[in-house]
Every structure is written in C-alpha cells, then in structure tokens.
Amino acid sequence: MMNIKSIIDERTAYEMPFLRRIRINSQLMDDSDFISAKLLPYLFYTNTTDNKYRIIPVFLRKKEDVVWLPLFYSLALFKTNADTFLNGLNFSNLKFPDQPVRILDDDNNVCQLKAVNFTSSEIILKSGSGKLKYYDFDEAPLLELYNNRVAYGKNLDSVFNRIKKYNSSVRIGKNPLELVQKMNSHEFDLNNKFNGALFFTHNPGLLKSEEFKDLTINEIPFLNSIPASRMSVENGLISFKRLGSNRSTAGRQINQIKEFLVFSRFDNFNEYFVIKQERPWLNTLIFDFTRDQKELENVLNAIKDNYLKPLTEGKIKDIYLVFNEKDLHSYNYILKSKLDNFPFFLNSEAKKHFLSSKAGMHEPEAKLVNIPDLSSDFKEAIRIARGLCKEVHIINLIDPLVKPLFELKKRFNSFYNPDSLEEYLYSVQASLNEIRNTWFTGKEYENIFNFLFAFLDKIRASRGNEKLYLITNTDIRLEEKTGIVSFNENQDDMDFLKAMMHLEGIEFMNPRNIQNPLTELEKYANVFVLNSTRELSNAICANSFKSNVVLILNKTEHDQYDKNKNCWLIRNLSSREKLYDILNLDYEEGSNPEVISAKPETDETDQMEFDLDSFIRDVMKEKEINQVYKNYDRTREIDSIILFFRDGTSVTVNESKYFFIHKEDPKILKECHVQARDLKVDDIIFLVMHDAEEFEKLIWQIAEEQPEIKKLLDQDMKWRKNIDSYLRENKITKSSFRALLKENGFNIGSDQAIHTWVYGDVYEPRNMETLIDVLCNLGILVESEKDETLISIRAVKKLKTRLPGELQKMNIANMNDLIYTSDYSFPELLEKMYKFLDIKTISYIIK
C-alpha cells in the first residue's frame, strides 16, 4: 500500500519536474523538506485542475512558506496553462508506466524511459537502481546517438522525432515566462479556462515585492517570470500596478499577459465582486492570516454571507485560509462557523511517517524536573500587590511593587544565578519594607505584608535551579550552536548560564517572540525550552526537528505539554480521508482514517483567556460601556456567563450559580441571593478573592493556627490518601479497584469517581457509610476510625460549602449596618477568611 509521500514523490517527479530546478535564496527546493517542497506545490497544482470548489485552511510549517505560497500557486497555473497550450499543438506529455521502454543513458547503462515532459523540456529515465535521471532536450541528440548504436533507437524514433519537432517550433527554454510569451505570440486564447488569484495579506513585504527579491525561477526573478499586480483602492477607485521589471523586454512583454496573481491589502476583501468585474479571471481567493488574524471572523462571515453561493456554483474556484502552524487554535473558529472545509495539515504522527526517511530528524523530548510549583503563590502575591497600588494615587507603585514580582517569577521558573537572585530577593524585601513604612502603616495591612514577606521567604527556601543544572549535565560539543528558550531576559543570569556551560555560542529566545518555530529552532544544533507559550507548544508537538529540541519543564508545565500533545487539534485536525480528498488521491478503504468531530475545543483555559483578551481589546477600542453582550459565542459553554468588572478583571461562571449582591436598603439578606442569569450591569457582587484551588489552600493555611479545624481536615484527607497509597503499593488500576469495590458490595459509575475521591474534588461520595465499611474490609481504613472519619467528612463538607456564603452575608450586613449572627460552626475561621473577601462592580455581561 503506497503512502501519500510515495504517491506525491512519483507524481511531482513526472508531472512537475521543474520543481527540481527552482532555487530560492540559492537553495534548491528539492533539498528542502517534503511538505514544503513537494506536498504544498502539489496541493495548488491539483486544485487548479480539478472540478471541485472548496474552502481550504492551510497551516504552514515555516516562515518561508508564506513567501513560497504565491510562487507555488503561480507555478500551478503555469503548469495547467502550459499543458493546455501544448496539448493544442499536439505536444502532450508522454508517460510510459505500463510497458517499459528500454533506453541507454549517457553512461551507456540500460534504463527505462519513464516520461517525456514538454512543459519542462526534459526526458526522464529510471536507472536499474531506481534513481530518476533527467535530461534536457538539448541532450536528446546524444541519447539518440547512443541508442541507435545498439538498435534501442528503433523503438524511440517517434519520441526523438517529436522532440526535434518541438525544438524547431515552440521550444520554451528554461524560464516559464518564455512559455507564457509563446502563448501570447501564438494568440492562444484560454477564454474561461484562464485562472488567477486574489491574495489578501497583512504582510507589507508581499505588497511591496520586498519578500520576493530572492525568489527565482531557474535564475530568472520570480516577478519577471510570472504576471502579477498589486491592487489598491483610493477614493473608491480600484487601480492595478504591475510588479516586476517594467524596463526590461521581459517586463514589457509580461504586461500584455493576464495576471496570475493580484496582491491586495486585507481590508479590501469585501471589494471582491467589484474587482472581479475588472478582472473576471480572478476566481480564487487566498487570505493570508500568518501576520494577523483580527479579520478572521469577518472573513468567515463574508464567506457565509457572500462567497458561499458563488463557490458552490463554481464561480469561485477555491478559497484558501492560510495560517502558521503555531496558530492551530484558530481552527476552532472555522469549526464554529460550520463551513464545510478541507484542512491541509499533517498531524505529528503523519509527519513522523513522511519524514522518517529524512536523515537527522529528531522527536522533541520533554524532561520533567522537580521544581516547586509556586504559580498560585505568585498569582496571589501579584494580585495583592496590584491591590495595594490602587490604594495610593499620588505615586506610581507599579515599578517598585509589582514588576519585581514578575521578574522573580520569570527567573524562578527558568534559570538564575543563585547569588544574584539572593541579592535581588533582599532588595525586593527592602523595597517592600520601605513601601510599607511609608504608605501602609495601618494594622489593616499587617496580614497583607506578612503574606508578601512570607512569600519571598518561600521563594528563597524553594530555590533549586534544576532546569539550569539539567542543561549543564548535557553533553554538547563546543562547535554546536545552542539556543535557550526562556522568559528570563536577565543579563546576569544569562552570563552565569554561559559560564556554567563553558560555551559562548549560546543564544537566548523569548518564547513570545518566536514567530516561526520550525525555522527559528532549526538554526541551532541543540535547543532547550525552559518556558513555552501555547502557540510554541503546539508547534513543537506537531513537528520533528533537525535540531535536538529538549523541553525542561516542572510538573504543571509538563502536564500542560502532554495535554497539548494529545489535544484534539493536533491529533485529528486533518483526517486521512479528507487529506486524500483535498489532494485528489484515491482513498483506500483499509487505511483506517481518523474521525473528525464537528465540535471545537472548549475545555482549554488558555483558549478562553486568549478570546477574552481579544474581546476586551475590541470593546475598549469601541468605547462601549455598561452593555450586555448576547452575541459573543466563541469557545465557552452554552450555559455559561462571562462577567466583566470595572477593575478590568473578568470571570466565567455557570448561569445558575448564585451570587450575593449589595443593595442600598435590603430588608432581608435573602433578597440579595441572585443567580448569575439574573445579574445586571452595575450590580455590586461579592467574590472570594481565590479560585477553588487557592480557596482550599487558604483554608489549610488558616487551619494551621486552629487545631480543631486542622484535625478535621487531616482526618478528611486521610481516607483519600489511604486509597491513593493502596493503589500505588499494590499497583492496582482504578478500573481494577472499581471492580474490587463492586465485589465487596459498593457500585460506582466510572473510574473517574475514584479520582475525585483521592483529589478531594468530591466532598462526600454517595452512600459514604457503605463505602467506609468496604474500605475497612479491604484494610484501607481502620475499623476504630469509622465514626470519626464519617463525622470529619461531613463537617468538612459543611465547612467548605457554607463558608463562602457566610462570608458574603457578613459583608452585606456590615455594608448596610445590619446585625447578622451566623450559626456557622467555626466563627474564628469565618473572621479570618473575611479579610479575603472582594467586592466588584459589573461593567459588562456576556450571555
């Protein structure tokens, strides 16, 4: 069974042999990787010749590909137009697939004649070893002479005679422009068969031709070989300007030929039908999103509203949506548009298969290091510091109070000079103490600053620098170029890392600045990724590399990387069946295609944050305030609501979640208990200043000072830990443990339920008394602790579920000078937690 690589290699060898001779920046395309040099050009070629009309999202691997893409499209048109022209002159390309024709090569070795390609002026032979050999038509007389000597030529007379006739009449030469000129001189009329594309882009280099300065077709500049124009719209008038050399003979002749390509600024895409009146042959649309995706939703809406009908009727040939691979998450928006599409993307497994024959390709390696994860602590410290800044209006405290915490986070989570970090910690501590003594002398700030000082001590105690030491223990040759990907841009730390590794040739990259991971990472022999972004992580997960790429990650980062690697997008973006369809290949039923779900990703937290950032920017730009947005529907669940607050923060909640709101004169507190779906702009609501995980940690932190609560929490945690230890020590899977519980009289619906017990996601499982009996029978719990365990579970459940509501009720009562007496079991905990209550005013609502 042939795979796609074998099929495309064979087809491009015979159909598009000129690809071998194209040099870009003095690099032969054939020396590049299979996807860029073969698969991408073939995609355009086969889609210019078929009778299908499709929306094709294309995900490019490398920075160069967005520049090569217009070249590939132009070569596809060159190929189809050339074939049509030459067929009309009885010079159809010849293939000999079934009945091998023997022929001698220039070394007198017997080969098979595989093809005669008049478009590229080449004879293609296959040697006994299977290697293809290409001979220009200029060498045909020599081959004819060799073959006549041993009588092979008798079967080849018709072939050589046809080549002679071609050379004497319409010989094209090595430059495709010469063929276009021949077509023009023969007054060849393509009529409706002639195609062209409108290329909408944010890239100013493409619009000004700067990106094409090194592109050549057989040593002839690209824009002197292919008819192309730049389109502009001024004062409602559309104008076209030819690109390339207007002073040369070639330039003057190319101006007489219809454009293969028209480049335009992105904001002109709604002018398509006006443009088509001027240039009716421009029937393909290419949208370049590699620089900017802000128009993506507008383009998708325009396709649905304006372009879909002409596309299905064949008036528009194809619509290409072009992205970088690092922007895979954008495919969610295409899915949500519900437009039928055929994505061009090879997932990591497919690439591994296709690139396996290419020497020196390496799978990225992810290494887990034992670094304390202080993400929640940093988040809380930064939140508190920002809150302090808001309380002082006569001086800017951001630089001395907040920025140092971000700097510490970048260094601690990456690499650092231990002495330098120690000095920095002391300087931050001194600065913090000075700020406290100057601006926050009241007792109400005592706990806040104690938390910040304790946090700095925690950083000091948690230092390990494991990421740096793992790098230094890696064997790297002195001559090898090494790249370090990290958020840390501290020069002292960089110098320390270089000194530790005894290497000067180290370059540092911020992951947020890496635009094209494949291109930029492959500049180095070794790359160590200490920090990553979602986009960079996606690109690394989806590729193999010429360089050794090693990710050095803490537990949280490693879990996120595994999640990215196994995410729906990377695994299943292109099913094999759709890939065969888009390449016009015959799909083989036994190939076991992957199944594409019609549902986009919805559980990625960072995806939601990305969307909210974009939305907030749009709203602020429009200066719309105090509105309820009902049409915002990106990746959130249907039953969720997004609340935006005047302090610039936001939260996504279930519409049935209850909140306590502040009213000027509430008669009774119960009237302040409102579901999220009933909230209004300008409502003042009460939030605990922590998410669920942080809330849990805060309870434990306060419980350290209160033995009664601490004992309950410990006892509640004990049965959970005992289950976890039992599974590990006996090497039992959750599925096997579930079966064991069933044998002993306790049924549960799924293995996931066991996970929720162990990690405390469920406060009290159903039929807890029965479960405790079974755990005692299995020896996981001690019989004498049954009652104590059950009491602690229910007490902790009441403690955790009632505490947020009690805190909010206290606050509402205090705000309105009401007396509120709580029957809460732990008033000391209530008083301490009360200090961590937050009050926010709603400014936007998305339903």
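Values as computed for the structure displayed
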item: The stretch 2-21 residues that are closer than 16 Å to residue 44 by Cα and modelled with pLDDT of 85 or more, paired with ones that are hydroxyl-bearing (Ser, Thr, Tyr) and open to solvent by less than 40 Å² (accessible area, probe 1.4 Å) (beta carbon under 6 Å, 6 or more apart); result: 8/42; 12/42
item: Entirely in the stretch 272-318, the helices (runs of 4 or more DSSP H) that have 3 or more residues that are more than 24 Å from the chain's Cα centre (by Cα); result: 272-278, 308-312
item: Condition check for residue 582: under 24 Å from residue 413 (Cβ atoms) and open to solvent by less than 20 Å² (accessible area, probe 1.4 Å); result: no
item: Check on residue 414, in a helix (DSSP H, G or I), among the polar types (S, T, N, Q) and out of contact with any strand residue (DSSP E or B) (no Cβ under 6 Å at 6 or more places or on another chain); result: no
item: Any hit, the stretch 423-439, residues being closer than 21 Å to residue 370 by Cα and open to solvent by less than 30 Å² (accessible area, probe 1.4 Å); result: no
item: Qualifying positions in the stretch 95-124 - open to solvent by less than 50 Å² (accessible area, probe 1.4 Å) and either polar (S, T, N, Q) or under 43 Å from the mean Cα position of the chain (by Cα) (or both); result: 114, 115, 117, 118, 119, 120, 121, 122, 124
item: So residue 92, is it open to solvent by 20 Å² or more (accessible area, probe 1.4 Å), at pLDDT 85 or above and in contact with a Phe, Trp or Tyr (Cβ under 9 Å, 6 or more places away or on another chain); result: yes
item: Count - residues of the stretch 150-168 that are surrounded by fewer than 11 Cβ atoms within 10 Å (Cβ to Cβ) and either in contact (Cβ under 8 Å) with a residue 24 or more places away in the chain or not small (Gly, Ala, Ser) (or both); result: 1
item: Filtered residues of the stretch 763-810 (kept if free of Cβ contacts under 8 Å to residues at least 40 places away in the same chain, within 28 Å of residue 745 (Cβ to Cβ), of a type in the set (A, V, I, L, M, F, W, C) and open to solvent by less than 60 Å² (accessible area, probe 1.4 Å)); result: 768, 771, 774, 776, 790
item: Number of positions in the stretch 201-237 that are basic (Lys, Arg) and closer than 25 Å to residue 278 by Cα; result: 2
item: Among residues of the stretch 127-142, those that are over 42 Å from the mean Cα position of the chain (by Cα), surrounded by fewer than 19 Cβ atoms within 10 Å (Cβ to Cβ) and not small (Gly, Ala, Ser), counted; result: 6
item: Residues that are farther than 18 Å from residue 716 by Cβ and in contact (Cβ under 8 Å) with a residue 24 or more places away in the chain, drawn from the stretch 738-762; result: 740, 741, 744, 745, 746
item: Flag for residue 275 being more than 23 Å from residue 49 (Cβ to Cβ), touching a strand residue (DSSP E or B) at 6+ places or on another chain (Cβ under 8 Å) and among the aliphatic types (A, V, I, L, M); result: yes
item: Any pair with Cβ under 9 angstrom, 6 or more apart, that starts in the stretch 522-545 at a residue that is free of Cβ contacts under 8 Å to residues at least 24 places away in the same chain and ends at one that is part of a loop (DSSP other than H, G, I, E, B); result: 533/514
item: Residue match in the stretch 454-469 (condition: under 37 Å from the mean Cα position of the chain (by Cα), of a type in the set (Phe, Trp, Tyr) and within 26 Å of residue 391 (Cα to Cα)); result: yes
item: Subset of the stretch 450-465 [under 22 Å from residue 411 (Cα atoms) and either aromatic (Phe, Trp, Tyr) or surrounded by fewer than 17 Cβ atoms within 10 Å (Cβ to Cβ) (or both)]; result: 451, 453, 454, 455, 457, 458, 460, 461, 462, 463, 464
item: Among residues of the stretch 67-79, those that are closer than 22 Å to residue 350 by Cα and open to solvent by 10 Å² or more (accessible area, probe 1.4 Å), counted; result: 0
item: Per-region count, the stretch 546-563, residues free of Cβ contacts under 8 Å to residues at least 60 places away in the same chain and over 23 Å from residue 508 (Cβ atoms); result: 2
item: Enumeration of residues in the stretch 56-95 that are of a type in the set (Asp, Glu) and either farther than 25 Å from residue 113 by Cα or free of Cβ contacts under 8 Å to residues at least 24 places away in the same chain (or both); result: 64, 65
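Okay, residues lined up against (1) open to solvent by less than 60 Å² (accessible area, probe 1.4 Å); (2) modelled with pLDDT of 85 or more:
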{"residue": "525", "(1), (2)": "yes, yes"}
{"residue": "546", "(1), (2)": "no, no"}
{"residue": "560", "(1), (2)": "no, no"}
{"residue": "601", "(1), (2)": "yes, no"}
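The values are calculated or read from the model by the stated rules, or taken from the named source; none is laboratory data. Everything numeric in this text was worked out from a predicted model, so none of it was measured. Quick reminder, even Gly has a Cβ in these numbers, built from the backbone with ideal geometry, and neighbours come from all protein chains shown. Just the protein is used for accessible areas: all its heavy atoms, side chains included, with ligands, DNA and RNA removed. Shrake-Rupley method; radii C 1.70, N 1.55, O 1.52, S 1.80 Å.
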